[in-house]
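Trainee: Dumping the structure here so I can ask a few things about it.
The values are calculated or read from the model by the stated rules, or taken from the named source; none is laboratory data. Keep in mind it's a predicted model, so treat the numbers as computed, not measured. Don't worry about glycine lacking a Cβ; one is built from the backbone with ideal geometry, like all the others, and counts go over all protein chains shown. For the accessible areas, the whole protein counts, side chains as well, though only heavy atoms, and no ligand, DNA or RNA atoms are used. Shrake-Rupley method; radii C 1.70, N 1.55, O 1.52, S 1.80 Å.
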Amino acid sequence: MGRRIRGRRAGDQCARRPWHGRTLAIAAAVAALCAALAPGGRADAASGTADSGAPAQGVRTAADDAPGPYAFGEDDATVKGTADSTDAALLRSGRTYRSSVGVAGKDGRLYYRVELDDTSDAYVSATAVPRPGTTVTYSDGLKVSLQDANGRNCSFTGTVHFGATQSPHPIAAWASRESSGDPYACRAAGTYYMVVERVGAAGTSSGTSSLSGTEPSASRPWDLELGFVTEPALKTTSGPTRAPDAWNSASPEALVGEPRKRGGGAGFGEATRLEQGAWKDGISPGQTLFYKVPVDWGQQVYATADLGSASGGEGSIGTALVLSLYNPVRGLVDGVGAGYDGSQRSAGLDPLPPVAYENRFALNDRVSGMRFAGSYYLVVHLAAQVADRFGDGPFGLTLRVRVSGAAGTGPAYAGAPSPQDVFAVPAGGSDSAQGDGPADSTPATGKGGAGAGHSTAMKLLAAGGIGTGTLLTLTLGLWTAIARRRAVRTARPAPQDADTASASLPLPAPWEHGATRGR
């Protein structure tokens, strides 16, 4: 936006300042303060990551007119799927991976390998991201299964389709191995296979022609983000073995009040946390926004998405807005869509059961998906076709989120899940405090921002055992040195390699998800 980031000079001075005779604790503390003064408040030096000045993957800058791509996780390892099981690459639990799947046929069915014990439940998921410049049809989709060495499917197999929106966006499917399931299938420890397959990808023969200037999605690969989560067995097997028959299915009283601004994330890994309340954002055609809501054992989550009216245009679109809910292992729980004719529209999820371990025994996906506590993902997509009739937007978006019920006690697990925090409900605090920030501000993901640098500095200071008085002395001394250096620098020309270029501020890029899943 042409905004110059101040503070690089301070960071440079810190990097060059000698600390002979100082203690390691003080040096570490001042290094942290210097990192906090670096451009954008980023503590990249502390993490060993150089700041190239280029936007991170999956992030759009203020100069971009179109939404950026799906934001793959920073820690995603790249892995290649194979056309047969023999040489399938190994996936490790608790990690996410980046891959791709080709068109229907040989390249459209891929194998990955996982190693399971004989007691844990296992969940695998695949998020498919069509590449820019392609179109999709109603029947295009993704299928994920988990198979044993004899080719038998374990528990259920998940399939998702783009559905009525026919708008390219990330969609996710999941599958599982449940140790409490069929006693003759997938119960032994050993090697299993995650199978990812494109479905319905047969060119434009499925009913709709491609848009001008684009090509059918069937002719191009899709990028993938793969997940693998394990859930330990219970200490005792004497608990309930069937899902609850009834719960409070009445719609709660609507949330009122002035919505607070909160910018959505660009992917599952960058989902922005929302507490109970009303939140507003902006969404453009073809864009997808990711949010996460902490839901504890015994609690119910309710959510609606309201799309604001357009300033012009005419006509209507059958399914323009899609709101989807995913559980902590990225399994689709439910989804709802709404048409759009330029007037405000609302899409709300039907009441869901409270989170309970025994929900997994239900045959209904809306119930069985609410099987563990943790961060549930709200994913909002606005169809790309909206731009043809009502302009490029962005259009106003309001999310109303309610979490009801007292947090209960979770099941007594015999071990730890992988990753360890996947079923944990993070404590509130920092995210809630940032609720009044600008809608296009960086999502509260613990990365970037002046607050992150400040937090890092304070933690290092605490670890070093430095008191408040020492910190004040250090800070004053630091700024005095900086001022003196600046005074000297103003008396002579700036060096040729001085950094005088403007830096644009990164904005959260949204891309989406959402569709319906079948067994």
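Trainee: Can you give the FRET efficiency for residue 237 and residue 406, using 1/(1 + (r/R0)^6), R0 = 30 Å, r = Cβ-Cβ distance, to the nearest 0.05? If you can, show how the numbers build up before the last one.
Mentor: On the way: r = 27 Å, r/R0 = 0.89.
So, using R0 = 30 Å, E works out to roughly 0.65.
Trainee: Also, quick follow-up: Would you mind calculating the gained length between residue 98 and residue 188 on full extension (0.36 nm times residue separation, minus the Cα-Cα distance), in nm to one decimal?
Mentor: On the way: separation 90, 0.36 × 90 = 32.40 nm, distance 2.82 nm.
So the chain would gain 29.6 nm between residue 98 and residue 188.
Trainee: Counting Lys and Arg as +1 and Asp and Glu as -1, what is the net charge of the other residues whose Cβ lies under 12 Å from the Cβ of residue 315? Write out the running numbers ahead of the final one.
Mentor: On the way: positive: 389; negative: 314, 341, 388.
Within the 12 Å Cβ shell, the charges total -2.
Trainee: Please list 398, 86 in order of solvent-accessible area, largest first, computed with a 1.4 Å probe with all protein chains present. Provide the component values of the computation, followed by the final result.
Mentor: Details: 398 30, 86 115 Å².
Solvent-accessible surface, decreasing: 86, 398.
Trainee: Please give the net charge around residue 256, taking every other residue with its beta carbon less than 14 angstrom from that of residue 256, where Lys and Arg add +1 and Asp and Glu add -1. Mind dumping the intermediate values first?
Mentor: Working: positive: 260, 280, 400, 402; negative: 253, 258, 306.
Cβ neighbours under 14 Å give a net charge of +1.
Trainee: With Cβ to Cβ distances under 9 Å as the rule, what net charge do the other residues near residue 222 carry (K, R +1; D, E -1)? Before the final figure, lay out the partial values.
Mentor: On the way: positive: 131, 198, 220; negative: 223.
Local charge sum for residue 222: +2.
Trainee: Using all alpha carbons of the range 306-352, what is the percent of pairwise distances in each 5 Å bin, ordered from the shortest bin to the longest?
Mentor: In order of increasing distance, the bins hold 5, 20, 25, 18, 13, 10, 7, 3, 0 percent.
Trainee: Express the carbon and sulfur contribution to the solvent-accessible surface of the range 295-393 as a percent, rounded to the nearest whole number, probe 1.4 angstrom.
Mentor: That fraction is 40 percent.
Trainee: If you take the beta carbon distance between residue 246 and residue 74 as r and set R0 to 35 Å, what does 1/(1 + (r/R0)^6) give as a FRET efficiency, to the nearest 0.05? Kindly include the intermediate steps, with their values, before the conclusion.
Mentor: Numbers: r = 43 Å, r/R0 = 1.23.
So the FRET efficiency works out to roughly 0.20.
Trainee: Residue 276 versus residue 85, label points 7 Å from Cα toward the beta carbon: distance in nm?
Mentor: 4.8 nm
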